Amino acid sequence: MSEKKEKRKGKVLPTLKFMFGIMLREKPYFIVIYIIMGITSAAAGIAGVIFPKFIIDELVAMGGGDVQTHITAAILWAAAFMGVLVLSGIIAAAGNYVQDILREWFNEYIDRKLAERAMEMDFQHTEDPDALDKLNKAQEGMSWYSGGIMGITDSVYYIFTNVITAVSSAGIIIFTCPWLLPVQAVSLVLITVFQAKINKIERLSFVELSKYNRIFGYVFWHLSDFRFGKDIRLYDSADMMNRKAKHYSEKMLTVWKKESHDERGFQWIMDLTNSLRDGISYFYIGYMALTGAITIGDLSMCIGAAGTLYFSLSGIIDGIQGIYNKCSYAHRYIEFMDYPAAMSKGTRKVTGSSHVIEFRNVSFRYPRSEKWVLRNINITIKQGEHLSVVGMNGAGKTTFIKLLCRLYDVTEGEILIDGVNIKEYSDEEYRRLFAVVFQDFSLFAFSLRENIAFSDDTKNDPAVNETIAKSGLADDVGKLPDGLDTMIFKSFDENGTELSGGQRQKAAIARALYKDAPVVILDEPTAALDPIAEYDIYRQFDTLVGGKTAVYISHRLSSCKFCDRIAVFSDSTIKEYGTHDELSEIPGGIYAEMFAAQAQYYVN
Ligand code: ADP
């Protein structure tokens, strides 16, 4: 077996186990419904083969016997046949109804679990192309191609029904017209081989298509998001987007055309095999009927049984191939769900309300990168201290904060809180220590209240209004149609609002204040503002923060004058560290030069 096949085979069992595990755990009665549906559907198929025989034999026998008795018998057979069909029809309709409901339920379940995993996984994976690619593949593999849990269950159900039908029709053939069996078997083997070739062509196309489909999807769905509206209009980029969409849809068309071209020859041989099989079968059964070896009813039953056997056996093979294909795609979901954690998880609780942060000889490289972004960082931030971190863009300031918040683990050295390596703390406990406003903070398409409190149950919490007042957002909120409950963006509510840049910053600051964490960090959410406006915001924030520990990041010096300590980042390390007065006095120092250049903004 080729390595690729081995690999695909290795995905079937774990995927089936995973899917049926979910089904057994969440909706076990569904399996019972499937079994009942499978048995009735197979029984209806076999009834269609057997009942006509008895009806025909009774009708034929009428010519040479008691007409009334045979007519009564034929009517009874027909009535029984109808009874079986009606009953199986009712069961199938009820089953389909339940199936439709559960299909939605399982799709939603799978999507929900995937979203939860994506939100909870280690942050560094969100910046890692491999993890992002696996996430995309998980979404595609589970929905678009495999049909999710229901897609795979349908294949298992299909095999189950067809096995019952195949065994029953093979039994009928063996007892009535045994030579039909090898004819059907040989043609089935040939058809299977050609079908496998067609499947392979389709699989290769899928890989090609999914690549284009993703880019096409990005251009069409992602970029039509209102948030890109301004840039698309002002830069007149819709034409470029449309050209790109057209380009990729043409690429997809080319792949489809090639697929149907490559499949054509195999399709033709399959049609020929089918015709030969039918010709030989009819000839054989007809000969047996003419020589009196079987009745006319048997002839009809054999033809029916041969067709049923053929379709059920090919159904089994289709089902197995379907499971292989679907599982190899659905397995991508499991791979993402099991994506290895990037960081060890601690369990320690953070105790007390006074905390000392210490970086001890910390060096850091981003995963998959050779470049040292930080080198030998040594710094202690005491409880209540206000630290200003300055340096040029790209000096590693944000990375310093990411390490402090343990969004990444240090490559060398250690970070300690109260003398304990931060890796020992439980993630949830540890993150409770920090309220950070990053430069690229996000507001979500929820209400302003939810964006600040991250809870939908704060209607009566006065702290939300207090925070709004402190962050200077109260006037703005007063003017919004639904106050704090106004939706941000118009995605889900036409009364939704687009906040101005300044309002967005205030909202992000309010969010940090509301969290009431012991350490607050502003990582240049104000970078787009002029130095004086930034200075005002930082200063105001500093008074709100009071006795908490605070870290302010800027490529300017907006927070330096009112901070206890300043750390100047340059050449991947802390080049200067001290108070404003100390650093200003270093002759030719980086800080002294920066301050001389920017003094106009901060002197008064
Ligand atoms: P600053 O906040 O001082 O502007 P950053 O900490 O954002 O600097 O970046 C420091 C360096 O690390 C830059 O060279 C940047 O390109 C690099 N960098 C930032 N984020 C990543 C990442 N996720 N992967 C690889 N390199 C990164």
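Taking every Cα-Cα distance in segment 3-337 and sorting them into 20 Å bins starting at zero, the pair-distance distribution P(r) comes out as 23, 46, 24, 7, 0 percent. Distance between the pseudo-spin-label points of Ala463 and Ile296 (7 Å out from Cα toward the beta carbon): 8.9 nm. The relative contact order of segment 445-516 comes to 42 percent, based on Cα pairs under 8 Å that sit 6 or more residues apart.
Determine the calculated [θ] at 222 nm for the chain from helices alone, applying -39500 (n - 2.57) to every DSSP H run no shorter than 4 residues and normalising by the residue count; nearest 500 deg cm²/dmol. Estimated from H runs of four or more residues: -21500 deg cm²/dmol. Geometric descriptor of segment 488-544, per residue, is 100 Å³ (volume of the convex hull of the Cα atoms).
One decimal place: the segment Tyr366-Glu498 gains 44.0 nm when fully extended, by the rule 0.36 nm per residue minus the C-alpha distance.
With R₀ fixed at 22 Å, the C-beta to C-beta distance from Ser570 to Phe441 puts the FRET efficiency at about 0.25. For segment 98-208, the Cα-based Rg and Dmax, in that order, read 21.2, 68 Å. Size of segment 128-171 from its Cα atoms: along the principal axes, largest to smallest, the extents are 58, 14, 10 Å.
Taking a 23 Å limit on the Cα-Cα distance, which of the listed pairs Lys382/Lys515; Lys349/Lys459; Lys137/Lys402; Lys17/Lys134; Lys402/Lys575 fall beyond it? List each step's numbers first, then the result.
Details: Lys382/Lys515 20 Å; Lys349/Lys459 30 Å; Lys137/Lys402 28 Å; Lys17/Lys134 21 Å; Lys402/Lys575 20 Å.
Flagged as over cut-off: Lys349/Lys459; Lys137/Lys402.
A simple packing score, the average count of other Cβ atoms within 10 Å per residue, orders the peptides 245-253, 513-521, 325-333, 414-422 as 325-333, 513-521, 414-422, 245-253, with the highest score first. If a spin label sat at a point 7 angstrom from the Cα of Arg214 along the line to its beta carbon, the backbone N atoms of segment 236-251 nearer than 20 Å would be those of 244-251.
Left without a cysteine partner by the 4.7 Å Cβ rule in the chain: Cys327, Cys405, Cys560, Cys563. Take 571-577, 543-549 and order them by the average number of nearby Cβ atoms within 10 Å per residue, most first; the result is 571-577, 543-549. Projecting the Cα atoms of Leu13, Ala510, Ile172 onto the dipole axis of the chain, where Lys and Arg carry +1 and Asp and Glu carry -1 at the beta carbon, places Ile172 farthest toward the positive end.
For the chain, the relative contact order is 15 percent, taking Cα pairs closer than 8 Å that sit 6 or more residues apart in sequence and dividing their mean separation by the residue count. With Cα atoms as the point set, the radius of gyration and Dmax of segment 91-148 evaluate to 15.2, 51 Å. Expressed in Å, the radius of gyration and Dmax of the Cα atoms of the chain are 35.6, 126. With N counted as the residues of segment 304-439, its alpha-carbon radius of gyration over 2.2 N^0.38 Å works out to 1.80.
Taking the convex hull of the alpha carbon positions in segment 445-516 and averaging its projected area over all directions gives 4.2 nm².
Shape descriptor for segment 123-282: Rg over Rh equals 1.17 (Cα atoms; Rh from the Kirkwood inverse mean 1/r).
The gain in end-to-end length when the Lys490 to Arg203 segment is fully stretched comes to 99.3 nm, 0.36 nm per residue minus the alpha carbon separation. The Rg/Rh ratio for segment 1-111 is 1.26, where Rg is the radius of gyration of the alpha carbons and Rh is the Kirkwood radius.
Read the figures in this text as sums done on the coordinates, not as results from a lab. Remember, it's a predicted structure, so these values are computed and weren't measured experimentally. Backbone-built Cβ (ideal geometry, glycine too); neighbour counts: all protein chains shown.
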